[in-house]
Amino acid sequence: MNSFVYDIPTRVYFGPDQLDNLGKEVSAFGKKALLCYGGGSIKKSGLYDRVMAQLKAAGMEVFELSGIDPNPRVSSVNAGADICKKEKIDVLLAVGGGSVLDCTKYIGAAAYYDGDGWDILLDKVPVEQCLPIVTVLTLAATGSEMDSGGVISNPETKDKIGRMFPPMQPKVSFLDPTETYSVSKYQTACGSSDILSHLLEIYFVPEGGSMYMLDCFMEGMIKTVMKYAPIAMEQPDHYEARANLMWTSSWAINGFAGALQNCEWTCHPIEHELSAIYDITHGLGLAIVTPRWMRYVLDVTTAHRFYQYGVNVFGIDPSLPEMEVAEKSIEMTADFLFGKLGLASTLTEIGIDDSNFDIMAEKACGGGILQGYKPLNREDIRKILTMCL
Ligand code: NZQ
Ligand code: ZN
């Protein structure tokens, strides 16, 4: 078993009314804030006004960067960094879903760099500093509120790259499940698919990549997503459902459950190629890829983990043969994603054909081997993509 460091330095305010602490927390970092948000959902919900009231009451001078897209673009990173440099911003406040949070993280890093923010994604410059980041989360999905990662798209090169840099970890995050009541059925489904994938990416690991306690924790979180996502879709203002999804989104990816991970993620790199080229919703791409990846990697050497997943998560009869349980667990995963969440089940359905599969497969494995639960080369990835058609 690997050694690890546990360090999740984000203060979390969870629940309704916690926003009352926003002004105090943001102003602790200085007087000039850059408020970053997306396409307007926070204005419709009234959250923008509540945030502004807090900042004004705390005596903050507020600048704004709006229009951050889903699958955020590097152009927004550069625009935000320019404001930070020009206005000498002290603190960044990200209000929105994962895209807004991710973009804000790179704005904070690019504020200390004079070139193109894309250089940071290309690892051409180290990220040693970042402006302090406070987040107000409005969509349970990525876990960006409690991790140091972020994913940015470059439409010119058709790349989507994710990196993790400890200085980008949010200092404070506000998680109010009632702010997610307005999330659409579709985005709730996609967010839940993303949370599930974060868990599966760290659950399917070679021997030594987890431990009993962490397995139980992950299985519990997977069951939580499967129980509450359909409820939140049917009853958008179901507090218990929204709260369970929100806290699970944070803990699925904050480094605790995956502390021992001894292999790379696989569905995410494959999906990022899909959203890089076709600008699809991340959770939708993951839903299509995941069951195909499962079928592709299932064999006698990998079946034991699928067996455990099938028995502990879906309650499949443990006396059945290992391979039968494994196969059933994959069917039940697909049924959850396409049946209960109602997501499109093939790339063909969403208008994607095989014309870019070669380049996508090449990029997903970086031209080498993706060292996942089962190592995959470019040909393997191409086959998985073909299974998604
Ligand atoms: O832009 P606005 O108007 O705010 O609308 C958004 C957007 O259209 C809307 N929305 C958000 N909160 C809402 C709401 N609509 C109504 N009510 C609310 N309360 O939902 C749409 C999608 O938002 P987005 O932020 O794009 O979704 P998500 O949170 O799923 O973020 C996806 C991005 O995060 C990356 C993905 O690749 C993708 O680019 N990821 C980030 C990770 C990380 N930081 O660790 C890990 C993930 O694996 C993922 O790759
Ligand atoms: Zn994800």
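The values are calculated or read from the model by the stated rules, or taken from the named source; none is laboratory data. Just so you know, these numbers come straight off a predicted model, no measurement behind them. Every residue, glycine as well, gets a Cβ built from its backbone with ideal geometry; the counts of neighbours run over all protein chains shown. Heavy atoms of the whole protein, side chains included, go into the accessibility calculation; ligands, DNA and RNA do not. Shrake-Rupley method; radii C 1.70, N 1.55, O 1.52, S 1.80 Å.
Here are some notes:
- Condition met for GLN187 (under 15 Å from the mean Cα position of the chain (by Cα) and assigned by the TED database to the domain that holds LEU47): no
- Selected residue (criterion: most open to solvent (accessible area, probe 1.4 Å)) from residues of segment 179-189 that are closer than 18 Å to SER250 by Cα and more than 6 Å from ligand 1 (Cβ to nearest atom): TYR181
- Among the candidates THR266, THR302, THR290, residue that is under 30 Å from ASP353 (Cβ atoms), among the hydroxyl-bearing types (Ser, Thr, Tyr) and in contact with a strand residue (DSSP E or B) (Cβ under 6 Å, 6 or more places away or on another chain): THR266
- Per-region count, segment 287-298, residues open to solvent by 40 Å² or more (accessible area, probe 1.4 Å) and without any contact (Cβ under 8 Å) to a residue 40 or more places away in the chain: 0
- Test for THR157: is it open to solvent by less than 10 Å² (accessible area, probe 1.4 Å), farther than 30 Å from ALA326 by Cα and hydroxyl-bearing (Ser, Thr, Tyr): no
- Flag if ILE42 is modelled with pLDDT under 95 and either out of contact with any Pro (no Cβ under 8 Å at 6 or more places or on another chain) or assigned to a loop (DSSP other than H, G, I, E, B) (or both): no
- Test: GLY310 is closer than 19 Å to HIS282 by Cβ, touching a residue at least 12 places away in the same chain (Cβ under 8 Å) and assigned by the TED database to the domain that holds TYR203: no
- Qualifying positions in segment 90-136 - touching a strand residue (DSSP E or B) at 6+ places or on another chain (Cβ under 7 Å) and in a helix (DSSP H, G or I): VAL100, LEU101, ASP102, CYS103, THR104, LYS105, TYR106, ILE107, GLY108, TRP118, LEU121
- Helices (runs of 4 or more DSSP H) contained in segment 240-319 and holding at least 2 residues more than 15 Å from ligand 1 (Cβ to nearest atom): 282-297, 303-314
- Test: residue in segment 307-320 that is open to solvent by 50 Å² or more (accessible area, probe 1.4 Å), under 24 Å from the mean Cα position of the chain (by Cα) and among the β-branched types (Val, Ile, Thr): no
- Taking the conditions (1) near ligand 1 (Cβ under 9 Å from one of its atoms); (2) farther than 17 Å from HIS268 by Cα; (3) open to solvent by 10 Å² or more (accessible area, probe 1.4 Å); (4) in the same structural domain as PRO16 (by the TED database) in turn, VAL127 satisfies each one other than (1).
- Taken over segment 6-39, residues that are surrounded by fewer than 17 Cβ atoms within 10 Å (Cβ to Cβ), assigned to a helix (DSSP H, G or I) and more than 27 Å from the chain's Cα centre (by Cα) amount to 1.
- Contacts under 6 angstrom Cβ, first residue in segment 267-286 being not assigned by the TED database to the domain that holds GLY97 and among the small types (Gly, Ala, Ser), partner more than 10 Å from ligand 1 (Cβ to nearest atom) and in a helix (DSSP H, G or I), 6 or more apart: GLY285/LEU274
- Here the condition is being modelled with pLDDT of 95 or more and either open to solvent by 50 Å² or more (accessible area, probe 1.4 Å) or away from ligand 2 (no atom under 16 Å from the Cβ) (or both); of LEU214, LEU139, LEU199, it holds for LEU214 alone.
- Which numbered condition LYS160 fails, given (1) within 21 Å of GLY30 (Cα to Cα); (2) assigned to a strand (DSSP E or B): (1)
- Qualifying residue in segment 150-168 (condition: in contact with a Pro (Cβ under 7 Å, 6 or more places away or on another chain) and within 12 Å of ligand 1 (Cβ to nearest atom)): yes
- Selection within segment 270-328 - among the aliphatic types (A, V, I, L, M) and closer than 30 Å to VAL74 by Cα: ILE270, LEU274, ALA276, ILE277, ILE280, LEU284, LEU286, ALA287, ILE288, VAL289
- Annotation note: of ILE68, ILE42, ILE89, the sole residue that is buried (at least 17 other Cβ atoms within 10 Å of the Cβ) and farther than 21 Å from ASP116 by Cα is ILE42.
- Flag for LYS56 being in a helix (DSSP H, G or I), at pLDDT 95 or above and either assigned by the TED database to the domain that holds GLU145 or in contact with a Gly (Cβ under 6 Å, 6 or more places away or on another chain) (or both): yes
- Here SER144 fulfils each of the conditions (1) touching an Asp or Glu at 6+ places or on another chain (Cβ under 6 Å); (2) of a type in the set (S, T, N, Q); (3) farther than 20 Å from GLU264 by Cα; (4) buried (at least 24 other Cβ atoms within 10 Å of the Cβ) apart from (3).
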